[in-house]
Amino acid sequence: MPNKDLHFHPIHREANIEEFDVFIAGSGPIGATYARSLVDAGFNVLMVEIGDQDTRIPAEHKKNEIEYQKDIDRFVKVIQATLSVVSIPRSQTIVPTLGPAAWTAADPNKMFITNGRNSFQGEHNNLGAEAVTRGVGGMSTHWTCATPEFLKGLERPIIFTEPSADDAEWRLLYNSARSLIGTSETQFNHSIRHNVVLEALQKAYPDRGVKALPLACHRLAEGSPYVQWHAASNVYGDMFTNPTKQNKQGVKRGYFKLLTNTRCTRFELDSSITNGHKVALAEVQDLLDARLVSESNNPEIDFYIKAKAYVVAAGAVATPQILANSGFGATNDRVKHIIPNLANRITEQPMAFCQIALLQTLVDEIDDPNIPRPPWWTRAVEAHKREFGKVDPLPIPFRDPEPQVTIPASLERPWHTQIHRDAFSYGEVGPTLDSRIVVDLRFFGMQAGVPENRMTFQTQLKDEYGMPQPTFEYKPTPKYAEETQRMMEEMTTDNETLNSMTNVANKLGAYLPKSEPQFMTPGLALHLGGTTRLGLGEDKDISVANFNSQIWNFHNLFVGGNGTIPTPFGANPTLTSMCLAMRSAQKIAESLRGSFSPALPTEVLRPTPASWLSWTTDPADPNFPVHTRTVHRRV
Ligand SMILES: Cc1cc2nc3c(=O)[nH]c(=O)nc-3n(C[C@H](O)[C@H](O)[C@H](O)COP(=O)(O)OP(=O)(O)OC[C@H]3O[C@@H](n4cnc5c(N)ncnc54)[C@H](O)[C@@H]3O)c2cc1C
């Protein structure tokens, strides 16, 4: 029941809109994809974001700062600072070296429970490194920008059982998503290290499709050492600065507003609806004003927002969290709620990592006069040696861009690989080695969603933002555990037929001490999936929503993000999640023009009309995504 004390959010008055077309929770790349698609089609959209805007251009990649482009290792600290670990088990809250006189809980089962410390979390089945990022742009303000397609037949979800229809749908969606986020495989073509790694691996594995890692970025100028890394800001485009723009059909942009520091708390159902469920209101809290009052559920900070459709795109953890807080499912009592499969069958990516220092032979070949090299290469090496040859033992220019290479997953070798140099929350090189000869190898395995693997939300325990505390129950499945063993297989053998990390690593260099091949803490890939799984009609019993991302039996509630992906996947998921969001946005637009009906298993899904996405691929369309607009920012 709506709380009679709560008012409508002042934004209704300010915008002079009684009922928004669409409400979106979460401002990351997926919320941005929904917003851009719908606003450019003329619909009005209100978005709320729990975090603050902490880049000058809303939702921009923080790595674009010159400081981090000059020293990528410094960015490790930024990533660490923006990640909040989701669930910390009790054992990690015990401090054996604490002075004996300090306060300690009388009951050892009741230890500290703030900031993700979770006395309900098992140690053996946690995703110990799973984390969230709060802020405008979400995780895309620090991501690596790897944007590969999913492998058909394994990773790529099946939207249409007829194979040619499915292929056509994915082709359309991937082309559009790639254009919207600005993915490219050519931005590192003029990097010496990139070519050294690429050629060494292509020579060693000629049949494995070794290629440049697709990255959402563009080089600022030919020959420049700097790239502009893309983020949700690229998806928003000029939405924040050009509210009156018209699309090719002459339709003016709809109203768009992003409320930051605003928590989407829960949804309120329309109790008059008898066929299925319909969200009537979203309850939000103004976190800035919440600092000024003593109680929550207070008409000064808690408000209702009314819209025709509601989209939850708050990341794979917070999306089910908001739904759980609405009483729809996945709470620790595990009562059969109206979304019975919420946060069931979660997936993640077992991840192997190592770092190598390039082989002497590979480095020596860089300026070997007997090996023909393109003019840009020779020019760069000669210029470097002329200026620094007396002091620098390496023939690699200081600002030579890093390598960015991948060996794509295949059905025989179901893991995704990144052979590159980039900043993560770990793998900092430190002052001892020259980063120019270091290459990181990251191999991402897969996991299928099984009912034993799930997330629950504790109603009696809140996270630091006042939302129910997530608890993981997750163990790798036997089938994919075996695959990860193969991924790391034969650590010390040099079996040419394998694509194991060690073989790949050995082709390039020698291990960095402490960075030998190792599995990382579960969750570290930050690619949690399956928390709000999509499914075909026959899969209703094991999914949360249909392939329009509309929650089963709901009229007007949609989910977005990596949680919607129902398949096992090793590749980075954001591009695919954008595809699913673009498809879903079309369904919302269609319903806004007609009427919303509940998602039912019998509904016949239709291909996304090419006209819905033509703006993403038609350079003559005013809304065509342009990424190369260089932004010089000064105070
Ligand atoms: C180090 C690192 C490297 C990565 N590399 C890659 C990569 O190379 N390729 C790739 O595909 N992916 C990568 N990722 C993951 C990628 O960033 C995510 O897949 C992507 O950002 C997900 O988009 P999203 O919009 O669904 O969620 P998010 O980006 O998580 O955004 C969700 C937003 O919702 C907000 N929110 C949460 N709760 C609420 C609430 N109650 N009310 C209102 N707002 C709320 C959050 O604050 C957040 O801003 C990486 C991530 C990290 C951290």
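The values are calculated or read from the model by the stated rules, or taken from the named source; none is laboratory data. Quick caveat, the model's predicted, so the values are computed rather than measured. Neighbour counts are summed over all protein chains in view; Cβ atoms, including those assigned to glycine, are modelled from backbone coordinates with ideal geometry. Ligands, DNA and RNA are excluded from the accessible area calculation, which covers all protein heavy atoms including side chains. Shrake-Rupley method; radii C 1.70, N 1.55, O 1.52, S 1.80 Å.
List of remarks:
- Criterion: assigned by TED's automatic domain parsing to the domain that holds F256 and in contact with a His (Cβ under 7 Å, 6 or more places away or on another chain) - qualifying residue of T55, T82: T82
- Flag not set for G122, criterion: touching a residue at least 24 places away in the same chain (Cβ under 8 Å), assigned to a loop (DSSP other than H, G, I, E, B) and within 16 Å of the ligand (Cβ to nearest atom).
- Test for V293: is it closer than 30 Å to E348 by Cβ and hydrophobic (A, V, I, L, M, F, W, C): no
- First in region 128-155 and open to solvent by less than 30 Å² (accessible area, probe 1.4 Å), second anywhere and of a type in the set (D, E, K, R) and near the ligand (Cβ under 6 Å from one of its atoms), Cβ under 7 Å, 6 or more apart: V136/E49
- Counting only strands (runs of 3 or more DSSP E) that sit wholly inside region 437-482, those with at least 2 residues that are under 30 Å from P403 (Cβ atoms) are 438-444.
- Meets criteria (within 11 Å of the ligand (Cβ to nearest atom) and part of a helix (DSSP H, G or I)) for S140: yes
- Filter pass, G250 being outside the structural domain of Q404 (by TED's automatic domain parsing) and under 30 Å from V438 (Cβ atoms): no
- Residues that are open to solvent by 10 Å² or more (accessible area, probe 1.4 Å) and either under 38 Å from the mean Cα position of the chain (by Cα) or closer than 30 Å to E155 by Cβ (or both), drawn from region 349-364: P350, A357, L358, L359, Q360, T361, L362, V363
- Region 253-274, residues that are more than 10 Å from the ligand (Cβ to nearest atom), touching a residue at least 60 places away in the same chain (Cβ under 8 Å) and aliphatic (A, V, I, L, M): L258, I273
- Among the residues of region 317-342, not one is open to solvent by 20 Å² or more (accessible area, probe 1.4 Å), at positive phi and under 25 Å from the mean Cα position of the chain (by Cα).
- Single match in A571, A545 (criterion: in contact with a strand residue (DSSP E or B) (Cβ under 8 Å, 6 or more places away or on another chain), under 23 Å from E268 (Cβ atoms) and within 15 Å of the ligand (Cβ to nearest atom)): A545
- Filter result for G250 (on the phi > 0 side of the Ramachandran plot, out of contact with any Asp or Glu (no Cβ under 8 Å at 6 or more places or on another chain) and without any contact (Cβ under 8 Å) to a residue 60 or more places away in the chain): yes
- Hey, T55 near the ligand (Cβ under 9 Å from one of its atoms), more than 16 Å from E283 (Cα to Cα) and open to solvent by less than 30 Å² (accessible area, probe 1.4 Å) or not: no
- For E123: the one exception among (1) buried (at least 16 other Cβ atoms within 10 Å of the Cβ); (2) in contact with a helix residue (DSSP H, G or I) (Cβ under 6 Å, 6 or more places away or on another chain): (1)
- Residues in region 64-96 that are assigned to a helix (DSSP H, G or I) and near the ligand (Cβ under 10 Å from one of its atoms) were compared, and the one that is most open to solvent (accessible area, probe 1.4 Å) is Q80.
- Going through (1) open to solvent by less than 60 Å² (accessible area, probe 1.4 Å); (2) β-branched (V, I, T); (3) more than 12 Å from the ligand (Cβ to nearest atom) one by one, I158 falls short only on (1).
For (1) modelled with pLDDT of 95 or more; (2) open to solvent by less than 10 Å² (accessible area, probe 1.4 Å); (3) of a type outside the set (K, R), each residue gets a yes or a no:
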{"residue": "E169", "(1), (2), (3)": "yes, yes, yes"}
{"residue": "H194", "(1), (2), (3)": "yes, yes, yes"}
{"residue": "L201", "(1), (2), (3)": "no, yes, yes"}
{"residue": "S224", "(1), (2), (3)": "no, no, yes"}
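- Taken as a whole, region 585-599 holds at least one residue that is more than 12 Å from the ligand (Cβ to nearest atom) and part of a strand (DSSP E or B).
- Residue under evaluation P513, criteria (1) part of a loop (DSSP other than H, G, I, E, B); (2) open to solvent by 10 Å² or more (accessible area, probe 1.4 Å); (3) over 30 Å from T617 (Cα atoms); (4) in contact (Cβ under 8 Å) with a residue 40 or more places away in the chain, criterion not met: (4)
Yes or no, residue by residue, for (1) more than 20 Å from N506 (Cβ to Cβ); (2) touching a Gly at 6+ places or on another chain (Cβ under 9 Å); (3) of a type outside the set (A, V, I, L, M):
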site	(1), (2), (3)
E382	yes, no, yes
P393	yes, no, yes
Q418	no, no, yes
L461	yes, no, no
F472	yes, yes, yes
K475	yes, no, yes
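- Neighbours by Cβ (under 9 Å, 6+ apart or cross-chain): first from region 55-84, more than 21 Å from H218 (Cβ to Cβ) and in contact (Cβ under 8 Å) with a residue 24 or more places away in the chain; second assigned to a helix (DSSP H, G or I) and of a type in the set (A, V, I, L, M): T82/M139; L83/M139
- Residues in region 161-191 that are within 16 Å of the ligand (Cβ to nearest atom) and in a loop (DSSP other than H, G, I, E, B): G182, E185, Q187, F188.
- Contact map, region 97-111: residues that are surrounded by 10 or more Cβ atoms within 10 Å (Cβ to Cβ) paired with residues that are outside any loop (DSSP other than H, G, I, E, B), Cβ distance under 8 Å, separation 6+ or inter-chain. Pairs shown: M111/R90; M111/T93; M111/R117.
- Of all residues in region 549-560, those that are assigned to a loop (DSSP other than H, G, I, E, B), in contact with a Leu (Cβ under 9 Å, 6 or more places away or on another chain) and open to solvent by less than 10 Å² (accessible area, probe 1.4 Å) total 2.
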